[in-house]
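I have placed the structure first, in the form of structure tokens, so that the comments after it can refer back to it.
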Amino acid sequence: DIDLVHERIKIMAVSGIPDPSININVRKVSSGQCVVVDTIRQLARGKAPKPNLRIEKHTVSIGETLAGSVILPGRHLELLFVSEKGETYKATSLLKDGTFNIPMKQKKPPGSESPLPQLVIVVSSPEPLNSLVEVNMTAPAAAAEVFPALAREARENGKVSVAMTLIKLMVPGE
């Protein structure tokens, strides 16, 4: 229960005594991904059934494959991948029988440091969403455009849910 977690965090902050039942992992996202996190935070408050997203490894090197699974029967699922630059790719075509394998073929952006934060997102809805129709695997869409449109459509629809995880993309040789 999220309210119980918030209450325990407040008690820890005031008392300075750690609560072993709370496991908080702080992970850094890039500025291009902030709009994604804001949208996910809004959509997480909804009452629609939430997908269960599992990733085999949260640290993957360029040239490896990111493997995982999604569980939520009876709903339309979209699998999205957001790079550290906020480039959004729809990888739904790689989702087969609830599992996926995404080849990590990115090139290291000049001046960037390893690891590169990457977001994996599953969007669940009763039917395909118009806001995600134009997003594809070959030509990235800007997260700053995709996620506000997704949030608007989700507010109108009311039956959209999401799951998100962050992975670290390692650049070989670093």
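The values are calculated or read from the model by the stated rules, or taken from the named source; none is laboratory data. Keep in mind it's a predicted model, so treat the numbers as computed, not measured. Note: ideal-geometry Cβ built from the backbone for every residue, glycine included; neighbour counts use all protein chains shown.
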Please indicate, with yes or no, whether at least one residue in region 48-57 is part of a strand (DSSP E or B), surrounded by 14 or more Cβ atoms within 10 Å (Cβ to Cβ) and polar (S, T, N, Q). no
Within region 92-110, is even one residue closer than 15 Å to VAL146 by Cβ and either free of Cβ contacts under 8 Å to residues at least 40 places away in the same chain or not polar (S, T, N, Q) (or both)? yes
Over region 62-105, the set of residues over 20 Å from GLN33 (Cα atoms) and polar (S, T, N, Q) is THR65, SER69, SER93, THR99, ASN101
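I'd like to check something: does region 151-159 contain any residue that is closer than 16 Å to GLN33 by Cα and modelled with pLDDT of 85 or more?
Looking for residues that are closer than 16 Å to GLN33 by Cα and modelled with pLDDT of 85 or more, one finds at least one in region 151-159, hence yes.
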Where residues in region 94-152 are aliphatic (A, V, I, L, M) and exposed (fewer than 12 other Cβ atoms within 10 Å of the Cβ), which of them is nearest to LYS57 (Cα to Cα)? ALA139
So in region 58-83, with the set limited to residues that are at pLDDT below 90 and exposed (fewer than 14 other Cβ atoms within 10 Å of the Cβ), which one is nearest to the chain's Cα centre (by Cα)? ILE71
